[in-house]
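**Q** Can you read through this structure? Questions will come right after.
The values are calculated or read from the model by the stated rules, or taken from the named source; none is laboratory data. Just so we're clear, the structure is a prediction, and the values are computed from it rather than from any experiment. Cβ sites come from the backbone with ideal geometry, for glycine too, and all protein chains shown count toward neighbours.
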Amino acid sequence: MKLLKCLSLVVLFLSAGMVYAQEENSSEERKPGHTNNNRFKQLYEEFSTPNQYRSASGAPGPKYYQQRADYKMDIELDDVNKKLYGNETITYTNNSPDVLEYLWVQLDQNVRAKDSKSPLIEPSGAAPADMAGSFVQKHMGAAFEGGFNIQEVKDEKGGNLPHTINRTMMRVEMPEDLEPGDDFTFSIKWWYNIPEHTVDRARSGYEEFKDGNRGYVIAQFYPRMAVYNDVEGWQNSQFWGRDEFALPFGDFEVNITVPADHILDATGSLQNRKDVFTKEMMNRYERAKKSYDKPVIIVTQEEAEKASTGFTKNKKTWEFKAENVRDYAFATSRRYIWDMMAVKQNSGKDVMAVSMYPPEGNPLWEEFSTKAVASTLKSYSRMTFDYPYPKAISVHAKNQGMEYPMICWNYGRPDEDGNYSERTKYGMISVIIHEVGHNYFPMIVNSDERQWTWMDEGLNTFVQYVAEQDFGEWYPDAIAPNKKYPSRRGPAKNIVSYMGGDQDYIAPIMTKGLNTYSFGANAYAKPATGLNILRETIMGRELFDYAFKVYANRWMFKHPTPEDFFRTMEDASAVDLDWFWRAWFYSTDYTDIGVKDVKRFYVTSKMNQEVREMMEARGMKESDLPPLVYMVEEGSEDYEESMKNASLDDVKTLQEYIMDNLSAEERANLKKPNYFYEIVFEKPGGIPMPIIAEYTYSDGSTERVKYPAQIWRKNDKQVGKVIASEKEITKIMVDPDEETADIDTENNSWPKRKKLGEFDKFKNKVED
């Protein structure tokens, strides 16, 4: 009872001091009110209201739906004239509760039509110099005759369907409205001139080799159904050339006719392998299905070079079927080398890792490509779900990096003598990991790339970082002498220069991809870095990995939004992350946390000046107070040199309390700190982050403490922590491993590091 009374008096005394301070300031001008601007407020205002289609947990709702589009296509490649001809039949199923008056079809090739408006939206200026070839292309060359030539759009009975082409979108009018649950079948016939992707940087096209042969990487080659969903209705935003596309899932039956001496691979399972493979190729293929550690060459370099000498006029048709894919692509050439290797999934199911590349890609590609594909499948499956398709193909294409279901094109070419730099090697491995990884995001977890580029590029770049580190562990010889894979994106320190840049040219991650300034940093690097910070620093791997896998499995073969991702990560982890999403994704704020001040205190029974002044202001006497323990700052007017040699045993009030209230056993377990510090941390930056403080003691030992980000919830500028230690603190370092993307490390240490003058910098440089 006595103890309770004493504690009450202390609370009363201390609160009185606070009230007095308020009274002192009562004459000041009253500040206006404000809305809730706390950085830890919830995202209710930003998020949509959960509904029957999308739940508050981030999972698909009980009435979630998505449309379906099934395709049957006959495609022919004209290798002589560099044209592609196609005829497709689309069956579109309306699974929505809405009646559809028309259908929207994407015509992405029209971005390269002569009347395309895409070049007109990009500002340009007169450069002081330009390469001759570039100058001719920009200012003297005839415009490329690109874009779809739509020859007919017909219904199932062969009747012409009214249609309107608006740049990269085509509206198809149906004879009658499409009711919920019904489907509509129609056909489109078209052709277009295939662009040379090494010239106009197209996502697909051909590369012409010195011997006149071409390597074709063909995608976005057919009119494709747009997505209709519960969030936006028709996703018919125009394709301007940068941001990409979302597509409905469906089944594909595709027949592709090419010169008979070509080899070809594509999305889906090859149906007529025995018709298009030689007997020797079949034997090698059967061996590849049982090889799990080394690729088997299906078409050798010698065979590819031999085939390159002939240009047959004969044709061959390759037949494919693909189930539950959102897009289709293929690659073909008579100049390709082809290798394959089996990959064992967690489920026990085998997947084929495949590479196609011209001789120009060797020896680099034969050594690393298929290994990188196999490694990627293992890493991504561990982080998400088992790869559901029968194969993953990496195709070598100069200056490319682009993804489609089961197939992707990747750069990384040695010089003509077959030599390559470490930069080229790592660039190739990284782009293969990245593009193969896109099978998961967005080819399976199918976000709207045109609106939210970061949902596929950022999430994929994050898992790419994990996969790169795995690759380094699994293939140490491939990265030697490096101990870890030298990832370009993922580590927090690598995003600092972007986040600390000119705010006039930085956009929030939650910005449409077309409207961002630094596309790579905004859509790839920053979201990937944010997720890595969550995994390594804020949530921990166990919680993060579980939640991330839940998201991937909830939304595989579906159309998630950013909110679905944000909500799922919190729902599956019990970690409130609204503050992080708000700061990292909805703003252009940056991290800057440092040590503002460090004060040393001594414990005494003698009343200090601060308490004395507070007591006098309230008209209180010392006898009104219970026995107190006082803190005296070193260097203050209350400080005495003798305090340095004193210990807690000398503090009478403290010892009396211990003897009166603690048992012998409890007294024996008490710590006996000799040093007391008040450390003030400051946050000039806007983003709250955990304070990772490393304390170095006089004996050389270190201790690392992580204060959760919520420490900033009531004061966004500075916070204090009192440290009681048995050892003297000689150094404090904030974020010693650079985990938080802190843009200014000058304030991260105590004692403050001395700034070098120009002479000192010059002196150090000379000495080095």
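**Q** Which residues, counting only those in segment 391-407, are under 19 Å from the mean Cα position of the chain (by Cα) and either of a type in the set (A, V, I, L, M, F, W, C) or under 19 Å from Asp339 (Cβ atoms) (or both)?
**A** Met402
**Q** Look through segment 207-237, keep the residues that are closer than 29 Å to Trp452 by Cα and among the hydroxyl-bearing types (Ser, Thr, Tyr), and return whichever of them is surrounded by the fewest Cβ atoms within 10 Å (Cβ to Cβ).
**A** Taking the candidates together, the pick is Ser237.
**Q** How many of the residues in segment 503-536 are polar (S, T, N, Q) and part of a helix (DSSP H, G or I)?
**A** 5
**Q** Quick one: count up the residues across segment 712-738 that are part of a loop (DSSP other than H, G, I, E, B) and touching a strand residue (DSSP E or B) at 6+ places or on another chain (Cβ under 6 Å).
**A** Here the count works out to 4.
**Q** Considering only residues of segment 576-609 that are without any contact (Cβ under 8 Å) to a residue 60 or more places away in the chain and buried (at least 16 other Cβ atoms within 10 Å of the Cβ), which is nearest to Lys493 (Cα to Cα)?
**A** Among those residues, the one meeting the criterion is Leu577.
**Q** Of everything in segment 185-217, what is within 18 Å of Ile150 (Cβ to Cβ) and assigned to a strand (DSSP E or B)? Give them in sequence order.
**A** Listed by number, the residues that qualify are Thr185, Phe186, Ser187, Ile188, Lys189, Trp190, Trp191, Tyr192, Asn193.
**Q** Might you let me know whether segment 55-75 holds any residue that is at positive phi, in contact (Cβ under 8 Å) with a residue 60 or more places away in the chain and more than 26 Å from the chain's Cα centre (by Cα)?
**A** No - not one qualifying residue is present in segment 55-75.
**Q** Could I ask something else about it? Going residue by residue through segment 387-407, is there one that turns out to be under 18 Å from Asn324 (Cα atoms) and surrounded by fewer than 19 Cβ atoms within 10 Å (Cβ to Cβ)?
**A** Among the residues of segment 387-407, at least one is under 18 Å from Asn324 (Cα atoms) and surrounded by fewer than 19 Cβ atoms within 10 Å (Cβ to Cβ), which makes the answer yes.
**Q** Another one. Which is assigned by TED's automatic domain parsing to the domain that holds Thr332, acidic (Asp, Glu) and either under 28 Å from Gln106 (Cα atoms) or part of a strand (DSSP E or B) (or both), of Glu435, Glu457, Glu416?
**A** Glu435
**Q** Right, another one. Which residues, counting only those in segment 242-260, are in a loop (DSSP other than H, G, I, E, B), surrounded by fewer than 20 Cβ atoms within 10 Å (Cβ to Cβ) and more than 21 Å from the chain's Cα centre (by Cα)?
**A** Ala260 - this is the single residue of segment 242-260 that is in a loop (DSSP other than H, G, I, E, B), surrounded by fewer than 20 Cβ atoms within 10 Å (Cβ to Cβ) and more than 21 Å from the chain's Cα centre (by Cα).
**Q** Can you name the residue in segment 79-116 that is touching a Phe, Trp or Tyr at 6+ places or on another chain (Cβ under 9 Å), without any contact (Cβ under 8 Å) to a residue 60 or more places away in the chain and exposed (fewer than 15 other Cβ atoms within 10 Å of the Cβ) and, of all such residues, is farthest from Tyr65 (Cα to Cα)?
**A** Val80
**Q** Further, regarding this structure: Scan segment 628-644 and give yes if some residue there is in contact with a strand residue (DSSP E or B) (Cβ under 7 Å, 6 or more places away or on another chain) and part of a helix (DSSP H, G or I), otherwise no.
**A** Yes, there is a match, as at least one residue in segment 628-644 is in contact with a strand residue (DSSP E or B) (Cβ under 7 Å, 6 or more places away or on another chain) and part of a helix (DSSP H, G or I).
**Q** Under 25 Å from the mean Cα position of the chain (by Cα), surrounded by fewer than 17 Cβ atoms within 10 Å (Cβ to Cβ) and at pLDDT 95 or above: does that describe Asp350? Quick ask: steps written out before the conclusion?
**A** Working: under 25 Å from the mean Cα position of the chain (by Cα): no; surrounded by fewer than 17 Cβ atoms within 10 Å (Cβ to Cβ): yes; at pLDDT 95 or above: yes.
Against the criterion (under 25 Å from the mean Cα position of the chain (by Cα), surrounded by fewer than 17 Cβ atoms within 10 Å (Cβ to Cβ) and at pLDDT 95 or above), Asp350 does not qualify.
**Q** Take the residues in segment 612-640 that are small (Gly, Ala, Ser) and modelled with pLDDT under 90, then tell me which one is nearest to Asp660 (Cα to Cα).
**A** Taking the candidates together, the pick is Ser623.
**Q** For segment 167-184: of the residues being of a type in the set (Asp, Glu) and in a strand (DSSP E or B), which is surrounded by the fewest Cβ atoms within 10 Å (Cβ to Cβ)?
**A** This residue is Glu176.
**Q** Among the residues of segment 610-656, count how many are among the aliphatic types (A, V, I, L, M) and either exposed (fewer than 12 other Cβ atoms within 10 Å of the Cβ) or without any contact (Cβ under 8 Å) to a residue 40 or more places away in the chain (or both).
**A** Step one: list which residues in segment 610-656 are among the aliphatic types (A, V, I, L, M), which gives 611, 614-615, 617, 620, 625, 628-629, 631-632, 643, 646, 648, 651, 654.
The next check asks that each one be either exposed (fewer than 12 other Cβ atoms within 10 Å of the Cβ) or without any contact (Cβ under 8 Å) to a residue 40 or more places away in the chain (or both); those that pass are 611, 629, 632.
Residues flagged as among the aliphatic types (A, V, I, L, M) and either exposed (fewer than 12 other Cβ atoms within 10 Å of the Cβ) or without any contact (Cβ under 8 Å) to a residue 40 or more places away in the chain (or both) within segment 610-656 amount to 3.
**Q** Since Phe135 meets every condition but one in (1) farther than 27 Å from Gln235 by Cβ; (2) modelled with pLDDT of 95 or more, which condition does it not meet?
**A** (2)
**Q** Another question about this same structure. Here is a list: Tyr285, Tyr292, Tyr328, Tyr336. Which entry is closer than 14 Å to Ala392 by Cα and either modelled with pLDDT under 95 or aromatic (Phe, Trp, Tyr) (or both)?
**A** Result: Tyr328 is the single residue among Tyr285, Tyr292, Tyr328, Tyr336 that is closer than 14 Å to Ala392 by Cα and either modelled with pLDDT under 95 or aromatic (Phe, Trp, Tyr) (or both).
**Q** Which of the residues belonging to segment 258-308 are free of Cβ contacts under 8 Å to residues at least 24 places away in the same chain and polar (S, T, N, Q)?
**A** Thr278, Asn283
**Q** Looking at Pro560, Pro527, Pro508, which is the one that is surrounded by fewer than 19 Cβ atoms within 10 Å (Cβ to Cβ), touching a residue at least 12 places away in the same chain (Cβ under 8 Å) and under 28 Å from Arg242 (Cα atoms)? Break it down into steps so the answer makes sense when it comes.
**A** Values: Pro560 fails: surrounded by fewer than 19 Cβ atoms within 10 Å (Cβ to Cβ); Pro527 fails: surrounded by fewer than 19 Cβ atoms within 10 Å (Cβ to Cβ).
Sole residue among the options that is surrounded by fewer than 19 Cβ atoms within 10 Å (Cβ to Cβ), touching a residue at least 12 places away in the same chain (Cβ under 8 Å) and under 28 Å from Arg242 (Cα atoms): Pro508.
**Q** May I pose another question? Wholly within segment 671-711, which strands (runs of 3 or more DSSP E) include no fewer than the required count, namely at least 2 residues that are under 25 Å from the mean Cα position of the chain (by Cα)?
**A** Numbers: elements: 675-682, 691-697, 702-707.
So the answer is 691-697.
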